[in-house]
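First up is the structure itself, then whatever we jot down about it.
The values are calculated or read from the model by the stated rules, or taken from the named source; none is laboratory data. All values derive from a computational prediction rather than experimental measurement. Quick reminder, even Gly has a Cβ in these numbers, built from the backbone with ideal geometry, and neighbours come from all protein chains shown.
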Amino acid sequence: MAPAVADALPTAPHNLSVPTDIFPDGLKTTGQHPPLYDQIAPFDKFPKEITGKTVWKPEDYSNNPEKWTYAFSPEEIEELSTASDNFMAAKIPLTGITKNNFVLPKLGGYLAELREDLINGKGFILFKGFPVEKWGNHKCAVAYMGLGTYLGYFVSQNSRGHVLGHVKDLGEDSAQIDKVRIYRTNARQFFHSDDSDVVGLLCIARALEGGESDIASSHHVYNTLAKERPDVLKTLTEPIWYFDRKGETSQGQDEYIRTSVVYLERGENPRVYTKWDPYYVRSLSRFSDAGIIPPLSPAQHEAIQVLEDTCMRLSLHMVLEVGDIQFLSNSHVLHSRTAYKDHAPPAPRRHLMRLWLATPESEGGWKLPFWDSNEKKRGGIQVDNQRLFAHWMPSNL
């Protein structure tokens with residue numbers, strides 16, 4: 001297949017052609033879809049080694065939290081509080097929040113620097129000191145989404161159009177991986193990336209045990225595999241992988257996507273992009289058993305295990321306390337979560353608010369080999385013309 005060297009944008013129907021009574025800003029989440037196969041590079045076009053700020057080792061940060069944490073100052077909290085109060089007083093729906101109606105005169109400058117570091121730098125940050133218990137869920141949701149508007153565009157996280165997700169154990173069976181989204185259970189999440197450019201997690205309540213975070217630089221993982229297991233790395237770059245859509249499909253779409261795990265950007269000096277979630281690969285036996293798609297080969301099974309083991313070996317452990325906000329780049333950071341056990345009632349269960357944010361290439365985002373690379377709300381999950389919702393209480397799920 002042709003290497004990803006073309007700098008021209010892929011052509012496709014533009015995202016603005018949507019019903020404005022459903023999407024008032026004229027923008028719809030583009031959703032999941034296959035890559036542009038003619039822009040998938042063969043393995044010999046990939047770099048022998050990746051260098052730069054995106055390559056980091058856990059020892060670079062494990063004993064230096066000042067390099068990756070940011071404590072909100074009292075002045076910044078007050079600025080967030082004022083912006084949130086003004087937004088709520090205006091009676092604007094949460095889905096309508098933007099930088100224009102959530103003004104942060106001082107903090108906004110830092111968030112612009114953070115956005116650059118998320119996209120082109122180490123790819124992660126942990127904010128501390130968000131006053132969750134003082135503000136309550138509604139105001140926290142407003143302030144959190146207001147922060148997010150400075151980092152990217154909200155995209156839908158599921159077939160119901162939720163742009164403010166709630167990571168909480170809803171008692172669903174994690175063994176039914178062809179139907180259940182693992183974030184709605186208390187099961188372990190293996191190293192993966194989400195269907196967005198940036199993911200945010202705000203901790204509202206911690207678990208009794210577990211539920212802790214591990215992250216790894218996928219570029220450090222790439223370099224390690226290039227040295228130790230180039231055969232595994234080659235397997236990950238080939239478009240032989242099928243990803244499950246778990247029924248979150250628009251009319252006429254397949255229930256799965258044939259894709260690669262590791263890509264090159266389009267254009268000159270392309271960076272290495274990783275898109276991965278083992279749960280979505282292992283859940284397709286209903287199609288492979290029926291002969292509709294190929295079953296996973298021995299080489300793919302080995303690649304899945306080697307990738308997970310390598311990520312774990314090269315990971316930075318992170319604990320989210322109540323009031324912490326983690327933002328990660330999905331382009332070059334893989335993340336996981338340990339299994340957890342909740343407190344017994346009436347204590348609150350573990351609860352995180354989640355954001356998926358898009359960064360189109362015209363605004364500094366990566367040049368991805370997908371048709372929607374320059375759409376403002378690229379990625380995410382969109383089913384037909386499902387409108388967007390932002391519920392600040394998880395009971396609305």
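Tell me whether the stretch 287-298 contains one or more residues that are outside any strand (DSSP E or B), of a type in the set (A, V, I, L, M, F, W, C) and touching a Ser or Thr at 6+ places or on another chain (Cβ under 8 Å). Yes, the stretch 287-298 has at least one match. Looking only at residues of the stretch 41-55 that are surrounded by 14 or more Cβ atoms within 10 Å (Cβ to Cβ) and out of contact with any Leu (no Cβ under 8 Å at 6 or more places or on another chain), we find that the one that is farthest from Arg229 (Cα to Cα) is Thr54. Residues that are surrounded by 17 or more Cβ atoms within 10 Å (Cβ to Cβ), outside any strand (DSSP E or B) and hydroxyl-bearing (Ser, Thr, Tyr) within the stretch 226-276 comprise Thr235, Thr237, Thr249, Ser260, listed in sequence order. The criterion of at least 3 residues that are in contact with a Pro (Cβ under 9 Å, 6 or more places away or on another chain), surrounded by 19 or more Cβ atoms within 10 Å (Cβ to Cβ) and without any contact (Cβ under 8 Å) to a residue 24 or more places away in the chain is met by none of the helices (runs of 4 or more DSSP H) wholly inside the stretch 66-168. Of the listed requirements (1) farther than 26 Å from Met318 by Cα; (2) touching a strand residue (DSSP E or B) at 6+ places or on another chain (Cβ under 7 Å); (3) at pLDDT 95 or above, Ala4 misses just one: (3). Please find, among Asp21, Asp38, the residue that is in a helix (DSSP H, G or I) and of a type outside the set (Phe, Trp, Tyr). Going through Asp21, Asp38 in turn, just one is in a helix (DSSP H, G or I) and of a type outside the set (Phe, Trp, Tyr): Asp38. Got a number for residues in the stretch 357-376 being crowded, with 23+ Cβ neighbours inside 10 Å, touching a Leu at 6+ places or on another chain (Cβ under 9 Å) and not in a loop (DSSP other than H, G, I, E, B)? Residues meeting the conditions: 1.
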